[in-house]
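Here the structure is laid out as structure tokens; the discussion comes afterwards.
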Amino acid sequence: MHTQSKTGKKMKVIAFAIQKGGQGKTKIALHGGFWGLEVGKRVVFLDLDPQNARAKLNNESLVDTQQTAAIGNLSGTLLDLAKLNGYEIPADGATASWLFEAEDQRKPVFFEENGALIQVDSQLASLNFDVNTFPEKMAIARAKFDALANDFDVCIIDTGPGNLYPLIVALGLSDHVIAPCTMDDNAIAGLDSLTANVLEVRKASGMNFDLAPLGILPNKINRARSRHMQSLNALRKTSAWKNHVLPVELFDRGAIEESSTRPVWRTQRGETSSSAAATEMVKACMYIYKMVGLGD
């Protein structure tokens, strides 16, 4: 566990990453940030996952424009929350490609008093990885994070399964990486490719950046499926990743998918929920925050 954040300041950076789609990264990233807000932290979200977004026709911003589609996209969900909270959305808010441009000094968009967003944009999907310029881009990103650390306690990064460039940068900046993982063989393979790609980039670029500790969070487990329970047991006890598996898990609960602009531990009326989904998510978030030095 890092006792000092990589930013050199107190802001902790938690990335949610695995090179396999459908693992629940966005939902868990949202809840990770919501938990920070719940316990009084100042939280900034960085959305590096453009895969579920819809492009507006009049600009390059990849933001869901349909309310029903916003649930699956971190930027869309938080922009919906900004509207619900009465916060204006500035046209010049920071977008994800801002991270790699030194001259771009735009600011995150606030969706509540202590919560802000750096939203995904179309340029992110077209970034081309170049080992020759990677050290320079990494330095720019580090400087941006140092600046963010003046205003926020936690940065939550949601990554996509596709573009390697922002994914590697996210891992290089993070104090901890959480890999939500469903109980299937392809998901486990996604862990292997994630690690292999990071090591290859580090070797090719000549950069000796530290890899953030990896914590695997078993997700979408169905108790009624014996194979799921067998896979969970194998992941924890016999797999090559057994020492990285967190001692918490999330079962397949409809309430998590239905929660959008509110965390699953809050009812629609804002009251505390005592559901199994709420209990499991709170336990997972508490463990993650303690792991990075932000909890008791």
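The values are calculated or read from the model by the stated rules, or taken from the named source; none is laboratory data. Computed from a prediction, not measured in an experiment: that's the story for all the values here. Cβ placement follows ideal geometry from the backbone for every residue including glycine, while neighbour counts extend to all protein chains displayed. Calculation scope for accessible area: heavy atoms of the full protein, side chains included, ligands and nucleic acids excluded. Shrake-Rupley method; radii C 1.70, N 1.55, O 1.52, S 1.80 Å.
Computed values, structure above
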item	result
Subset tally (residues that are assigned to a loop (DSSP other than H, G, I, E, B) and either in contact with a Pro (Cβ under 6 Å, 6 or more places away or on another chain) or at negative phi (or both)) for the range 271-296	8
Filter result (at pLDDT 80 or above, aliphatic (A, V, I, L, M) and either farther than 14 Å from S239 by Cβ or not in a strand (DSSP E or B) (or both)) within the range 179-188	M183
Whichever residue in the range 241-261 is farther than 19 Å from G22 by Cα and touching a helix residue (DSSP H, G or I) at 6+ places or on another chain (Cβ under 8 Å) and, among such residues, is most open to solvent (accessible area, probe 1.4 Å)	K242
Unmet requirement for E136, which otherwise passes all of (1) farther than 27 Å from K290 by Cα; (2) open to solvent by 30 Å² or more (accessible area, probe 1.4 Å); (3) in contact (Cβ under 8 Å) with a residue 12 or more places away in the chain; (4) of a type outside the set (G, A, S)	(3)
Condition met for L148 (free of Cβ contacts under 8 Å to residues at least 24 places away in the same chain and either in contact with a Cys (Cβ under 7 Å, 6 or more places away or on another chain) or hydrophobic (A, V, I, L, M, F, W, C) (or both))	no
Members of the range 86-107 found to be touching an Asp or Glu at 6+ places or on another chain (Cβ under 6 Å) and open to solvent by 70 Å² or more (accessible area, probe 1.4 Å), listed by number	R106
Residue match in the range 179-198 (condition: buried (at least 23 other Cβ atoms within 10 Å of the Cβ) and under 22 Å from V39 (Cα atoms))	no
Test: residue in the range 151-162 that is within 25 Å of K41 (Cα to Cα), more than 15 Å from the chain's Cα centre (by Cα) and crowded, with 23+ Cβ neighbours inside 10 Å	yes
Any hit, the range 224-238, residues being surrounded by 12 or more Cβ atoms within 10 Å (Cβ to Cβ) and assigned to a loop (DSSP other than H, G, I, E, B)	yes
Filtered residue count, the range 277-292, keeping only those that are open to solvent by 50 Å² or more (accessible area, probe 1.4 Å) and either of a type outside the set (K, R) or in contact (Cβ under 8 Å) with a residue 40 or more places away in the chain (or both)	3
